[in-house]
1. Taking a cut-off of 19 Å between Cα atoms, list the aspartates and glutamates near K74, but don't count ones fewer than 8 places away on the same chain.
2. Between T25 and E130, what is the label-to-label distance in nm when each label sits 7 Å out along the Cα-to-Cβ direction?
3. Can you give me the P(r) profile for region 64-166? Cα pairs, bins 5 angstrom wide beginning at 0, each as a whole percent.
4. Just want to confirm a number: the relative contact order over region 127-170, from Cα pairs under 8 angstrom separated by 6+ residues, in percent.
5. When DSSP assigns beta bridges and you keep just the ones with both residues in region 30-170, what percent turn out antiparallel, to the nearest 5?
6. Could you name the lysines in cross-link range of K139, using Cα to Cα under 26 Å and dropping any fewer than eight places away on the same chain?
7. With Cβ to Cβ distances under 9 Å as the rule, what net charge do the other residues near T64 carry (K, R +1; D, E -1)?
8. Can you tell me the length gained on complete extension of the stretch L163 to R140, counting 0.36 nm per residue apart and subtracting the Cα distance?
Amino acid sequence: KHYETYPLCFDGEDVLSAFYYHAQTPLSDDIKSAVYPVLHRALQEKSETEAVNMLLNFVQTAFTYEYDKVVWGKERYFYADEIWCYDRSDCEDRAILFSNLVRDLIGLKVALVYWPGHLSCAVCFNSVVEGAHFTIDGKRYVSCDPTFIGSGAGALMDAVKNLPATLIPL
């Protein structure tokens, strides 16, 4: 409920910047203290790819998917904390949470990937991970979609394969 009073924050008419600002807002200490110890234990002794895939699976399956227009009657972007407060979330909510988890728990760089009608992520691994990827400042960012249930790093939904992607480095 606290975030319902936040003003929409984006640069002028650039709605993509709203995704950037939402993803840059860190999880609260309350959520971190409740969730991070469990996730830290689960990720111990995992490779980067295994750890990212575990977080992908967690975000893909821990929350019920539903379009904002069905739940709210309009588009509504969650801050990472909010996904824990509501029983349904959609692609941008999951991408924002996943981006926070990867940066905080694994320490990897992340970009949001905006496709017309969809938001996902891409992760900059320290080793080569095969699959769909993007280049940002000469670095390889591998597709990681927290909405594409059952997919791992490098997978890309058929629905977005032929759409233009806009990268939003965090």
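1. E4, E13, D14, E66, E82, D87, D90, E92, D93
2. About 4.0 nm separates the two model spin labels.
3. Taking every Cα pair in region 64-166, the percentages come to 2, 13, 23, 24, 19, 11, 5, 2, 0.
4. So the answer I get is 30 percent.
5. Of all bridge pairs located within region 30-170, approximately 90 percent are antiparallel.
6. List returned: K46, K109, K161.
7. -1
8. 6.3 nm
Read-outs throughout are calculated quantities, based only on the coordinates presented, and are distinct from any laboratory measurement. Just so it is clear, the model here is predicted, and its values are computed rather than measured. Ideal geometry is used to build each Cβ from the backbone, glycine not excepted, and the neighbour counts take in all protein chains shown.
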